[in-house]
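A.B. asks: Encoded as structure tokens, here's the structure I'll be asking about.
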Amino acid sequence: VSVIDQFLDQLLQILGPAGCVTDPALLDSYITDWRGIYHGQAMCVLRPSRTEELAAVMAVCAKAGIAVVPQGGNTSLTGAATPDGSGHQVIVSLNRLKRIRAVDIIDMTVTVEAGLSIAELQSAAIAAGALFPLSFAAEGSATVGGAIATNAGGTAAVRYGSARDLLLGLEVVLPDGAIWNGLRRLHKDNAGYALRHLFAGSEGTLGVITAAVLRLFPAVHAREVAFCSLGSEQDVLALWRRLREREGGSVRAVEYMSGDSIAIVLRHGGLRLPVGVADHYMLIELNASQPDAPLRERLESVLAEALEAGEVIDAAVAQNGQQRDDFWRLRESQTEAQKQAGGNLKHDISVPVSNLAELLRRCRAELKAWFDGVRIAPFGHVGDGNIHMNIIQPDGMSDSDFLACADDIGAVIYDVVESLGGSFSAEHGIGRSKLALFEQRRPAAELDLMRRIKAAIDPGAIMNPGKVLRMPPT
Ligand SMILES: Cc1cc2nc3c(=O)[nH]c(=O)nc-3n(C[C@H](O)[C@H](O)[C@H](O)COP(=O)(O)OP(=O)(O)OC[C@H]3O[C@@H](n4cnc5c(N)ncnc54)[C@H](O)[C@@H]3O)c2cc1C
């Protein structure tokens, strides 16, 4: 019996056949990333159904020095959840660890296992009379563990913060198989280092998140959504400023879409535009927990002022639930439609909000000057200064010619971002696609500190190797 067979046999004994998948036909969906860019291999997929099972499995992997790739919904946009091509790594899927352990409506917390999808958690919160606010287009598949491990942001971050801001407690299986139970339902807890924040955004490189305590908020009973067209980048900022000053806490989303990005959605998504064609668009949602809040009047009044001031060309307020969903579909279909539109170079960038107009203007001007014909299709989260500066393959250009420009296009964009005090990775993390960028664009002292943390928690370097940080060989 080979060493590998012995290893697999140990895992099988802990997890049983349903928890240890080795059939190559069943591995397919786990070893390719959502974008279909990264294709890996795996010895097996492990599917624990209890934290203790995972702990036992991790101890076996640690002893054998076998690398582990945690995986939730496999919706990473940076190849973070895909194993390498060696076939020597194992995937730990959390898709059987998905119970809601407790909902407490006085504490306003939910204690939930890592494999539950974000959409399932949203529904559970609604059933309990509360709101779980994290929201993004992949929420039907993306999981609690994945969202925490990537510190996902999404469309409501402007009001409620990113996954990290919703995180109160955590349960983690560490690389040596030990369980850290930090599932405290405390809104204040300053006892030493905030370890939970170390795992938020760690992208599976420090341990496997098995459960979390997350914050809930009062349920939403009134919603109003508007879709606007605007004439310039500066108007985007002016409208956001006006909204924030007038509506402050009731702004739940303020989303930007460029003329090109809307054109792509209209072509590939079969959707209709509720306003006239323009170079810039914004979707606005106001929310309130009081059912009788006069949100419609308030939204119409801000938009009327903005029209008067010349900040908005045209605006439509959704008249019913169907229209509200239709407006949102124009925003939520962006990633999917761009996937169908051809090669797509993604740049998930952020700048101080005050520099957002400059970011949009300069990226467009500099890219147009250098790369004739590229389609510049940015969209994103205005209130967080976070834009997905996606560049789409020009019609008629070959894949290889387009990909050959990737580094040059990236350099133009990231230089603009850096000069405006921004980040090359706003909410999608590093994964494997931004390893080199991370090394180029962050101070050596910062990287060194992170490597020391990684080496202290994962001395055998078995957690998701080749992602986030390149480590010296062990
Ligand atoms: C259409 C689309 C829209 C998106 N929109 C947004 C958006 O608006 N905002 C945003 O922030 N992101 C967005 N994303 C990307 C987002 O980061 C991921 O969708 C999500 O957060 C990852 O969750 P997942 O369960 O799919 O994790 P996976 O893709 O499976 O994994 C992502 C990373 O987390 C690690 N991981 C997963 N589970 C665990 C765990 N239990 N313990 C430890 N590590 C773990 C993996 O190893 C990997 O490094 C979008 C993605 C798509 C496809």
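The values are calculated or read from the model by the stated rules, or taken from the named source; none is laboratory data. All of these numbers come straight from a predicted model, not from anything done at the bench. Cβ atoms come from the backbone with ideal geometry, glycine included; neighbour counts cover every protein chain shown. Heavy atoms of the whole protein, side chains included, go into the accessibility calculation; ligands, DNA and RNA do not. Shrake-Rupley method; radii C 1.70, N 1.55, O 1.52, S 1.80 Å.
A.B. asks: Which number in (1) touching a helix residue (DSSP H, G or I) at 6+ places or on another chain (Cβ under 7 Å); (2) farther than 25 Å from residue 176 by Cα; (3) buried (at least 20 other Cβ atoms within 10 Å of the Cβ) marks the one condition that residue 433 misses?
C.D. replies: Residue 433 satisfies all of (1) touching a helix residue (DSSP H, G or I) at 6+ places or on another chain (Cβ under 7 Å); (2) farther than 25 Å from residue 176 by Cα; (3) buried (at least 20 other Cβ atoms within 10 Å of the Cβ) except (1).
A.B. asks: Let me ask something additional. So for region 451-462 (the condition being under 27 Å from residue 138 (Cβ atoms) and more than 16 Å from the ligand (Cβ to nearest atom)), does at least one residue qualify?
C.D. replies: Checked region 451-462: no residue is under 27 Å from residue 138 (Cβ atoms) and more than 16 Å from the ligand (Cβ to nearest atom).
A.B. asks: For region 77-89, name all the residues that are more than 18 Å from the chain's Cα centre (by Cα) and surrounded by fewer than 24 Cβ atoms within 10 Å (Cβ to Cβ).
C.D. replies: Scanning region 77-89 gives 84, 85, 86, 87, 88.
A.B. asks: Could you tell me whether region 398-409 includes any residue that is open to solvent by 40 Å² or more (accessible area, probe 1.4 Å), at pLDDT 95 or above and part of a loop (DSSP other than H, G, I, E, B)?
C.D. replies: no
A.B. asks: Those residues that are in contact with a helix residue (DSSP H, G or I) (Cβ under 8 Å, 6 or more places away or on another chain) and part of a loop (DSSP other than H, G, I, E, B), I need them from region 447-460; list them, please.
C.D. replies: If the condition is that a residue be in contact with a helix residue (DSSP H, G or I) (Cβ under 8 Å, 6 or more places away or on another chain) and part of a loop (DSSP other than H, G, I, E, B), then 460 is the only one that fits.
A.B. asks: Only residues that are part of a helix (DSSP H, G or I), closer than 17 Å to residue 240 by Cα and open to solvent by less than 60 Å² (accessible area, probe 1.4 Å): list them for region 332-363, please.
C.D. replies: Scanning region 332-363 gives 353, 355, 356, 357, 359, 360.
A.B. asks: Let me ask something additional. Could we say that residue 283 is surrounded by 14 or more Cβ atoms within 10 Å (Cβ to Cβ), of a type outside the set (S, T, N, Q) and in a helix (DSSP H, G or I) here?
C.D. replies: Answer is no for this residue.
A.B. asks: Still on this structure, I have one more. Having 1 or more residues that are within 13 Å of the ligand (Cβ to nearest atom) and on the phi < 0 side of the Ramachandran plot is the bar; report the strands (runs of 3 or more DSSP E) wholly within region 1-110 that clear it.
C.D. replies: In region 1-110, the matching strands (runs of 3 or more DSSP E) lie at 44-46, 68-71, 90-93.
A.B. asks: Can I ask one more? Evaluate region 266-273: report whether one residue or more is in contact with a strand residue (DSSP E or B) (Cβ under 6 Å, 6 or more places away or on another chain) and open to solvent by 30 Å² or more (accessible area, probe 1.4 Å).
C.D. replies: Checking region 266-273: not a single residue is in contact with a strand residue (DSSP E or B) (Cβ under 6 Å, 6 or more places away or on another chain) and open to solvent by 30 Å² or more (accessible area, probe 1.4 Å).
A.B. asks: Under the condition of being in contact (Cβ under 8 Å) with a residue 60 or more places away in the chain and among the β-branched types (Val, Ile, Thr), which residue from region 146-178 is nearest to the ligand (Cβ to nearest atom)?
C.D. replies: It comes out as 150.
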